[in-house]
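S.K.: So that we are looking at the same thing, I have put the structure below in structure tokens.
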Amino acid sequence: MKEYYLETISLIERLHRLFLEVMKCELDNLKVDDINNVQALVLYNLGGEQISIGELTTRGCYLGSNVSYNLKKMVQHGYIEQVTSKHDKRSYMIKLSSRGMSLCKKIDAALDKQISALGNGELGKMKDLAQMLKRLELFWSDASIQRARFSSSRKIR
């Protein structure tokens, strides 16, 4: 059982990297060269919402460490608009521009093609897989929280 657990962890990382490569190929096919695969996924995950930069990471829209650099590039290339927050003039909300929305529609069409290529039988299995991965995420999240609580309670005061 341990081998399957460790293999799953390794597969998750490899699949994410492979999907980023697929996204890069899709961008190449669309002749989009002013945005990278990670930035394209951020755009796609943003969708039609207007969110804060902090929300971008907490929602899982962005997994990298260079959020400000990538956002700056997406603003420079006209994919994202920054709007000053109504509640705090020091912070910004981000949303897709019309150019960003247009690219998201193209990405969505590419994803639809990938999904149809998988076939219905595989899609049913993917639903089960997604549910299992959500349970694994919850397990790891709980374990991480418990570990943090245990460590902080053991510190000398």
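The values are calculated or read from the model by the stated rules, or taken from the named source; none is laboratory data. Please read these numbers as outputs of a predicted model, since none were measured by experiment. As a convention, Cβ positions derive from the backbone with ideal geometry for all residues, glycine included, and neighbour counts pool all protein chains shown.
S.K.: In the stretch 92-151, which residues are closer than 25 Å to Lys72 by Cβ and aliphatic (A, V, I, L, M)?
M.R.: Residues satisfying the conditions are Met93, Ile94, Leu96, Met101, Leu103, Ile107.
S.K.: Here is a further query. So Met23 ticks every box in (1) surrounded by 17 or more Cβ atoms within 10 Å (Cβ to Cβ); (2) touching a Cys at 6+ places or on another chain (Cβ under 9 Å) but one. Which box is left unticked?
M.R.: (2)
S.K.: Here's a follow-up. Going by the conditions given, is Leu46 surrounded by fewer than 15 Cβ atoms within 10 Å (Cβ to Cβ) and modelled with pLDDT under 95?
M.R.: Details: surrounded by fewer than 15 Cβ atoms within 10 Å (Cβ to Cβ): no; modelled with pLDDT under 95: yes.
Taking the combined requirement at face value, the residue does not satisfy it.
S.K.: Could you check Leu133 against (1) without any contact (Cβ under 8 Å) to a residue 40 or more places away in the chain; (2) under 27 Å from Asn36 (Cβ atoms); (3) not assigned by TED's automatic domain parsing to the domain that holds Asp28 and say which number it fails?
M.R.: Answer for Leu133: the failing condition is (1).
S.K.: Which ones in the stretch 1-55 are among the small types (Gly, Ala, Ser) and closer than 21 Å to Lys72 by Cα?
M.R.: Keep residues of the stretch 1-55 that are among the small types (Gly, Ala, Ser), which gives 10, 40, 47-48, 52, 54.
If the condition is that a residue be among the small types (Gly, Ala, Ser) and closer than 21 Å to Lys72 by Cα, then Ala40, Gly47, Gly48, Ser52, Gly54 are the ones that fit.
S.K.: To continue, here is another question. Within the stretch 42-57, identify whether any single residue is at positive phi and either touching a Lys or Arg at 6+ places or on another chain (Cβ under 9 Å) or small (Gly, Ala, Ser) (or both), and answer yes or no.
M.R.: The first filter runs over the stretch 42-57 and keeps only residues at positive phi, leaving 47.
If we keep only those that are either touching a Lys or Arg at 6+ places or on another chain (Cβ under 9 Å) or small (Gly, Ala, Ser) (or both) as well, we get 47.
Checking the stretch 42-57: at least one residue is at positive phi and either touching a Lys or Arg at 6+ places or on another chain (Cβ under 9 Å) or small (Gly, Ala, Ser) (or both).
S.K.: When the stretch 86-104 is examined, which residues are found to be loosely packed, with under 11 Cβ neighbours inside 10 Å and either modelled with pLDDT of 95 or more or within 17 Å of Leu20 (Cβ to Cβ) (or both)? Give the derivation first.
M.R.: As a first pass, look at the stretch 86-104 and keep what is loosely packed, with under 11 Cβ neighbours inside 10 Å: 86-90, 98.
Within the stretch 86-104, just Ser98 meets the criteria.
S.K.: Check the stretch 87-106 and report whether any residue there is under 30 Å from Met132 (Cβ atoms), under 15 Å from the mean Cα position of the chain (by Cα) and either not in a helix (DSSP H, G or I) or not β-branched (Val, Ile, Thr) (or both). Explain how you work it out, then say what you get.
M.R.: Filtering the stretch 87-106 down to residues under 30 Å from Met132 (Cβ atoms) leaves 104.
When the remaining residues are screened for being under 15 Å from the mean Cα position of the chain (by Cα), the result is 104.
This time we only want the ones that are either not in a helix (DSSP H, G or I) or not β-branched (Val, Ile, Thr) (or both), so: 104.
There is at least one residue in the stretch 87-106 that is under 30 Å from Met132 (Cβ atoms), under 15 Å from the mean Cα position of the chain (by Cα) and either not in a helix (DSSP H, G or I) or not β-branched (Val, Ile, Thr) (or both).
S.K.: Quick one: how many residues across the stretch 88-126 are in contact (Cβ under 8 Å) with a residue 24 or more places away in the chain and of a type in the set (Asp, Glu)?
M.R.: 1
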